[in-house]
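Working notes, structure below.
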Ligand code: FDA
């Protein structure tokens, strides 16, 4: 419930505008976001990403944004992603570019998102880079999968995220194994109706592990994207992370010590970095998915 309320607050544009208008409030909230967001600019993401690669991590990079309802802003977002891809390519930074399809047009019309994605996939391919589509709320699952399948006919460097919490996902996964792109498995960040979704529970963890096992047995490229110890204990015990096509993936600023430990144990770890001025929404997502993060946020607000 708490988590749901925070997301409602996050989406309340009046509250957002209020924070942005007050330079003092803006400074305070931004201090808290800094733990999770590299900065406002592309250069911030690229620079932190470069440092992490030097330390032996893999990286994903996202220009933050979602649910864009203005066509001009969708095109600007696509242009920013293209610029990011070019910059990573020029600097030989082996980044995976992550994004929401609703940031580049899905909330207006699927064809716009598809055309923008095709352009990004082409640019990424020319630099030997890959893209990863995030998964959004269940009302968008079908259009997102349809766009993924369509773009996969031309580009194998585009991957897709699946949410273990949705009942449909085992079936979706078995179909998507016939497509070339990498698959990222997450538990799911959206509150969904109980007839289509399993909430956080042992049952969900079992399903998550089942999905991972299906991918591993199929020899399909997979990111195990979780911060959960119970999941990692199992995937390590079963030897899944020792396959060359399997990796762990965690969000920047969350459990960095654990990321380091996995890396030092010789396991492949990808860190998901974000940048952009929409840090406010991203901060709310992080607190909403794990309410204890509010304590670190308050500490950061007071101490910075
Ligand atoms: P879960 O939420 O069950 O928490 C288990 C334990 O993990 C907690 O008790 C705590 O110990 C630890 N933990 C979890 N979250 C933490 C946090 N924020 N801070 C500190 N500790 C934490 N979702 C989605 O719907 N679509 C998407 O495209 C993506 N993409 C994505 C990419 C990557 C790389 C990651 C890591 C996550 C996503 N997510 C996502 C979010 C995902 O669905 C999920 O909400 C979070 O990963 C939290 O779920 P966990 O599997 O970590 O465990």
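The values are calculated or read from the model by the stated rules, or taken from the named source; none is laboratory data. These numbers come from a predicted model, not from an experiment. Note that we place each Cβ from the backbone using ideal geometry, even for glycine, and neighbour counts take in every protein chain shown.
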For the stretch 166-219, how many residues meet the condition of being part of a helix (DSSP H, G or I) and touching a strand residue (DSSP E or B) at 6+ places or on another chain (Cβ under 7 Å)? 9
Look through 235, 269 and report the one residue that is modelled with pLDDT of 95 or more, touching a strand residue (DSSP E or B) at 6+ places or on another chain (Cβ under 9 Å) and under 23 Å from residue 158 (Cβ atoms). 269
Can you list the helices (runs of 4 or more DSSP H) found entirely within the stretch 220-294 that contain at least 2 residues being in contact with a helix residue (DSSP H, G or I) (Cβ under 8 Å, 6 or more places away or on another chain) and more than 14 Å from the ligand (Cβ to nearest atom)? 279-289
Expected single match for under 30 Å from residue 206 (Cα atoms) and either touching a strand residue (DSSP E or B) at 6+ places or on another chain (Cβ under 6 Å) or at pLDDT below 95 (or both) among 130, 152, 156 is 130
Among the candidates 270, 255, single out the residue that is within 17 Å of the chain's Cα centre (by Cα) and more than 20 Å from residue 99 (Cβ to Cβ). 255
Among (1) near the ligand (Cβ under 8 Å from one of its atoms); (2) in contact (Cβ under 8 Å) with a residue 60 or more places away in the chain; (3) in contact with a helix residue (DSSP H, G or I) (Cβ under 8 Å, 6 or more places away or on another chain), there is one condition residue 184 misses while meeting the rest; what is its number? (3)
When you check residue 263 against the structure, is it touching a strand residue (DSSP E or B) at 6+ places or on another chain (Cβ under 6 Å), farther than 28 Å from residue 103 by Cβ and modelled with pLDDT of 95 or more, yes or no? yes
I need every pair where a residue in the stretch 243-264 that is more than 23 Å from residue 39 (Cα to Cα) has its Cβ under 6 Å from the Cβ of a residue that is within 14 Å of the ligand (Cβ to nearest atom) and part of a helix (DSSP H, G or I), sequence separation at least 6 or different chains. 248/262
Hits in the stretch 60-102 - residues which are touching a residue at least 40 places away in the same chain (Cβ under 8 Å) and within 16 Å of the ligand (Cβ to nearest atom): 60, 61, 62, 63, 64, 65, 66, 67, 95, 96, 98, 101
Of the criteria (1) crowded, with 17+ Cβ neighbours inside 10 Å; (2) under 25 Å from residue 117 (Cβ atoms); (3) under 17 Å from the mean Cα position of the chain (by Cα), which one residue 67 fails: (1)
Top-ranked residue of the stretch 295-304 - restricted to ones that are within 13 Å of the ligand (Cβ to nearest atom) and touching a helix residue (DSSP H, G or I) at 6+ places or on another chain (Cβ under 9 Å), ranked as modelled with the highest pLDDT: 296
Looking only at the stretch 206-219, how many residues end up being within 14 Å of the ligand (Cβ to nearest atom) and over 14 Å from residue 162 (Cα atoms)? 1
Within the stretch 145-152, is even one residue under 16 Å from the mean Cα position of the chain (by Cα) and buried (at least 21 other Cβ atoms within 10 Å of the Cβ)? yes
If the Cβ limit is 6 Å and pairs must be 6+ apart or interchain, which residue in the stretch 187-199 that is in contact (Cβ under 8 Å) with a residue 40 or more places away in the chain pairs with which residue that is part of a loop (DSSP other than H, G, I, E, B) and within 10 Å of the ligand (Cβ to nearest atom)? 187/164; 187/165; 188/165; 190/137; 197/165
